[in-house]
Amino acid sequence: MQRRTALALGATLGATLALPALIRPAGAQEALTLRLHHFLPAVSNVHRFFLQPWAQKVQQESEGRLRIQIFPAMQLGGAPPQLFDQARDGVADIIWTLPGNTPGRFPRIEVFELPFVSHKRAIANCLAIQEFADAELRDEFREVHPICVWGHDQGLIHARREVRTMEDLRGLKLRFPTRLTGEALRALGAAPVGMPVPQVPEAMSQGVIDGAVVPWEVVPSIRLQEMVKYHTEIPGSPTFYIATFILAMNRAKYEGLPEALRKVLDANSDLAAARMAARPWDERGPVVEAEVKKRGNQVTVIAEAEKARWVEATKPVIDGWLAQMKERGIDGDALLGRARALVDKHGAGLA
């Protein structure tokens, strides 16, 4: 009898303790966690100074109801060129990737990756590309929900030998990020080798490449400053090359969010997110450059007259792209004019 009474009391007590978990205020929502997948390590500046602060801001403004768990360095599997499709197919909820990882698939955004089109500062490119995306890229990225689209600051040449002229580039095996940058390097006499940036350290150690073209911000995440001694910058704007990026979400996942959570995400998308994305490049880039100089590496800025030679030598790359766009029924001239106007607009007054 006593045992039955104890069991009954225990059951009643257990039910009472469970009540707070079962009874919630009307309209209360369970916390929702989204998985964000990308290709760089957690020590990278974009991870630390853009993706993490952005995720924290979304969580804070949603009062903890929307959380974003970040998986760097392809921790959810696959290779960097597969990231866009992972967002499309729901393998990941959100991804950060380069459209240029799948050459020719996203032709319109390539206009900013043409040689000597984009600005040396990331903030100008980020705002220009996002504004361009709002008007021109909705169909191009229709398979996902774009959160923001942007581009980095000036890309540099980092190599085992000094580069001051086109002649110094002859035969130099350089990693490139996008097909148009590869074509531009070839036009300058280099021997371009395409690969995702995480593969650079191994390729350098095995002698597959002599260097790479990346912005300053990327250098420490792959320890490139330890593998090369020479860094070549192209002066002023427009700059030699940039790569473009997209932060994209699975469309069904986005559309299935409660309205209140969609509003939080929307408030941290488009130009608001593009401004945040610019910070690692513009703020960390100078810090990395200073650290590289401190370790004794040599930073060279080519002469303006030499830059003019590079501009002239790479014009066929632009002509070739325009011809390719025409074959695909795309008005490349209009896109190029629009891109240059937006770069001028957002780059006005920037050093």
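Annotations for the structure displayed:
- Within the range 262-303, the trypsin sites (Lys or Arg not before Pro) that combine a DSSP coil assignment with at most 11 other C-beta atoms in a 10 angstrom radius are Arg295.
- Longest stretch of the chain clear of exposed loop sites (GluC sites (Glu not before Pro), DSSP loop, at most 11 other Cβ atoms within 10 Å, sites excluded): 64-351.
- For Tyr241, the residues 5 or more places off, or on other chains, whose built amide H falls under 5 Å of its own are Phe116, Gly155.
- Karplus (6.51, -1.76, 1.60) ³J(HN,Hα), θ = phi - 60°, over the range 92-108, in Hz, Gly and Pro reported as x: 10, 6, 9, 9, 10, 7, 9, x, x, 5, 10, x, x, 6, 10, x, 5
- Pairwise label distance in nanometres, Lys326 with Leu350, each label 7 Å out on the Cα-Cβ vector: 3.2 nm
- Bins of 10 Å from zero: percent of alpha-carbon pairs in the range 47-141: 13, 36, 40, 11, 0
- Percentage, to the nearest whole number, of Cα pairs in the range 294-351 over 19 Å apart: 58 percent
- Here the range 184-314 is treated with +1 on each Lys and Arg Cβ and -1 on each Asp and Glu Cβ, and its dipole about the Cα centre works out to around 180 debye.
- Theoretical FRET efficiency, 1/(1+(r/R0)^6), r = Cβ-Cβ of Lys294 and Ala260, R0 51 Å, to 0.05: 0.60
- Given charges at Cβ of Lys, Arg, Asp, Glu: the chain dipole, positive-most of Ala351, Tyr254, His119: Tyr254
- Remark on the range 96-173: ratio of C-alpha radius of gyration to 2.2 N^0.38 Å is 1.33.
- Between the helical axis of 52-61 and the longest alpha-carbon principal axis of the chain there is an angle of about 40 degrees.
- Converting phi to 3J(HN,Hα) with the Karplus coefficients 6.51, -1.76 and 1.60 and the offset θ = phi - 60°, the range 323-329 yields 5, 5, 5, 4, 5, 8, x Hz in sequence order, with x at every glycine or proline.
- Under a 5 Å amide H cut-off, with hydrogens placed 1.01 Å from N, Thr300 pairs with His231, Thr232, Glu233 among residues at least 5 apart or on other chains.
- With kT/(6 pi eta Rh) evaluated at 25 °C and eta = 0.890 mPa s, and Rh the Kirkwood radius from Cα pairs, the chain diffuses with a coefficient of 113 µm²/s according to Stokes-Einstein.
- For the chain, a Gaussian network of Cα nodes joined below 10 Å ranks Val213, Val301, Val317 by mean-square fluctuation, and the top entry is Val301.
- Dipole orientation for the chain: of the candidates Ala273, Pro177, Gly64, Gly64 has the Cα lying most toward the positive pole (charges on Cβ; Lys, Arg +1; Asp, Glu -1).
- The lysines whose alpha-carbon is closer than 20 Å to the alpha-carbon of Lys294, local same-chain residues fewer than 8 away aside, are Lys229.
- For the range 128-228, applying the loop criterion from DSSP together with a ceiling of 13 other beta carbons within 10 Å to the trypsin sites (Lys or Arg not before Pro) yields Arg138, Arg142, Arg161, Arg170, Arg223.
- Structure-based [θ]222 nm, the chain - -39500 (n - 2.57) summed over DSSP H runs of at least 4, per residue, nearest 500: -13000 deg cm²/dmol
- The charge dipole of the chain, taken about the Cα centre with unit charges on the Cβ atoms of Lys, Arg (+1) and Asp, Glu (-1), comes to about 980 debye, rounded to the nearest 20.
- Computed from the C-beta positions of Glu167 and Gln56 and an R0 of 45 Å, the FRET efficiency is 0.40 to the nearest 0.05.
- Across all Cα pairs in the range 215-338, the calculated P(r) in 5 Å bins from zero up to the longest distance comes to 2, 8, 12, 13, 13, 14, 15, 11, 7, 4, 1, 0 percent per bin.
We did not get these values from a lab; they are worked out from the coordinates using the rules stated. Treat the numbers as computed from the prediction; the structure is a model and nothing was measured. Note: ideal-geometry Cβ built from the backbone for every residue, glycine included; neighbour counts use all protein chains shown.
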